[in-house]
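Encoded as structure tokens, the structure appears first; notes follow it.
The values are calculated or read from the model by the stated rules, or taken from the named source; none is laboratory data. As the structure is a computational prediction, the values presented were derived from the model and not from experiment. No Cβ is skipped: glycine too gets one built from the backbone with ideal geometry, and neighbour counts run over all protein chains shown.
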């Protein structure tokens with residue numbers, strides 16, 4: 001291409017020289033120079049050869065971005081299945097010093113119907129305390145009155161409970177149907193028996209516990225009343241005490257060979273202790289309430305307070321090495337009782353209700369203790 005430019009340049013110069021020597025006009029010379037000069041600036045189209053290997057294409061990589069999680073909108077009619085939370089009912093403390101004495105509500109003690117002063121009971125024994133009281137004030141006693149254990153509570157029982165009044169009777173015991181008919185109102189000047197199920201302390205000794213009655217206005221119905229009793233020492237407790245005294249008085253022998261620890265055996269099924277029960281007077285809900293049981297041989301007695309803070313008595317007999325408990329429960333002022341079959345789980349800290357179809361129903365009770373929740377199934381059919 002450069003050679004061609006040189007040839008054209010030389011040709012133009014030759015023409016110019018020829019024009020200088022010839023008779024050509026200046027106009028012709030100018031036109032010729034313009035045409036040849038224009039050829040030097042003609043745009044040349046160049047065709048590039050096709051590559052045998054295609055050019056690699058660039059792959060665009062998406063940069064990472066935060067993914068937004070969509071939240072599903074739940075309509076008001078949609079039901080989401082969840083596990084009901086379990087909670088342990090708290091033992092609330094009632095400070096009796098915060099209550100004022102009523103100026104028109106009074107009582108008069110007429111006598112101890114059960115557990116007179118100085119009575120001896122066994123550790124953790126179930127019993128009913130009954131006081132005969134007369135309404136000496138100007139107000140009617142109702143089912144909304146409460147009984148409070150003052151200052152300290154050594155019993156297996158709540159500190160504050162509903163005041164249960166029944167018709168006066170001497171034939172009362174810790175058993176269903178032994179209580180007289182319940183009185184929901186005690187008129188002015190009327191007499192009634194105030195009854196309270198209790199579990200004796202486990203520690204032997206002498207006890208004097210005071211009680212107060214609180215009316216609907218949160219005032220103390222004076223005067224106070226009490227229970228005075230002794231808890232005997234069992235033979236096992238006496239033997240353990242003597243052994244402890246003997247060991248404490250001995251001088252240790254540093255040359256003796258330590259006795260190997262005995263093999264820990266699996267404890268037997270024992271229903272005694274404080275439990276959390278499902279309130280049976282509900283078809284569906286798992287309402288936890290506090291209760292207490294005492295096992296003596298094959299016999300089991302106990303009670304719990306329902307969600308209305310009223311006592312329910314339990315009577316039963318153990319079966320199958322103590323794992324199964326069969327019996328009945330009821331409000332003790334009624335003549336009807338509901339039968340039950342409970343089966344303790346191998347952990348010894350839970351039990352469920354045994355039913356024909358394994359369904360939870362009115363009257364079904366399951367329970368737990370030692371901080372455990374209710375079992376996964378409150379009711380199961382018969383069989384392991």
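Couple of notes before you dig in:
- Among the strands (runs of 3 or more DSSP E) confined to the range 248-307, there are none with at least 1 residues that are out of contact with any helix residue (DSSP H, G or I) (no Cβ under 9 Å at 6 or more places or on another chain) and at pLDDT below 85.
- Qualifying residue in the range 211-220 (condition: over 35 Å from the mean Cα position of the chain (by Cα) and either surrounded by fewer than 21 Cβ atoms within 10 Å (Cβ to Cβ) or farther than 30 Å from residue 316 by Cα (or both)): no
- For the criterion of being in contact with a strand residue (DSSP E or B) (Cβ under 9 Å, 6 or more places away or on another chain) and either surrounded by fewer than 23 Cβ atoms within 10 Å (Cβ to Cβ) or at negative phi (or both), residue 284 fails.
- Members of the range 89-134 that are within 36 Å of the chain's Cα centre (by Cα), under 15 Å from residue 198 (Cβ atoms) and part of a strand (DSSP E or B): 121, 126, 127, 128, 129, 130
- Residue match in the range 150-173 (condition: in the same structural domain as residue 195 (by TED's automatic domain parsing), touching a helix residue (DSSP H, G or I) at 6+ places or on another chain (Cβ under 9 Å) and either closer than 20 Å to residue 291 by Cα or touching a residue at least 60 places away in the same chain (Cβ under 8 Å) (or both)): yes
- Test result for residue 375, more than 21 Å from the chain's Cα centre (by Cα), surrounded by 12 or more Cβ atoms within 10 Å (Cβ to Cβ) and part of a loop (DSSP other than H, G, I, E, B): no
- Tallying residues that are crowded, with 17+ Cβ neighbours inside 10 Å and either out of contact with any strand residue (DSSP E or B) (no Cβ under 8 Å at 6 or more places or on another chain) or part of a strand (DSSP E or B) (or both) within the range 174-197 yields 9.
- Annotation note: Cβ proximity below 8 Å between a residue of the range 235-264 that is under 29 Å from residue 204 (Cβ atoms) and a residue that is in a loop (DSSP other than H, G, I, E, B) and modelled with pLDDT of 70 or more (sequence gap 6+ or interchain) occurs for 237/123; 237/204; 241/233.
- Output for the range 158-173, where each listed residue is assigned to a loop (DSSP other than H, G, I, E, B) and either surrounded by fewer than 18 Cβ atoms within 10 Å (Cβ to Cβ) or at pLDDT 95 or above (or both): 159, 163, 167, 168, 169, 170, 171, 173
- A residue that is touching a helix residue (DSSP H, G or I) at 6+ places or on another chain (Cβ under 9 Å), surrounded by 17 or more Cβ atoms within 10 Å (Cβ to Cβ) and in contact (Cβ under 8 Å) with a residue 40 or more places away in the chain can be found somewhere in the range 122-132.
- Residue check, residue 202 on the phi < 0 side of the Ramachandran plot and not in a strand (DSSP E or B): yes
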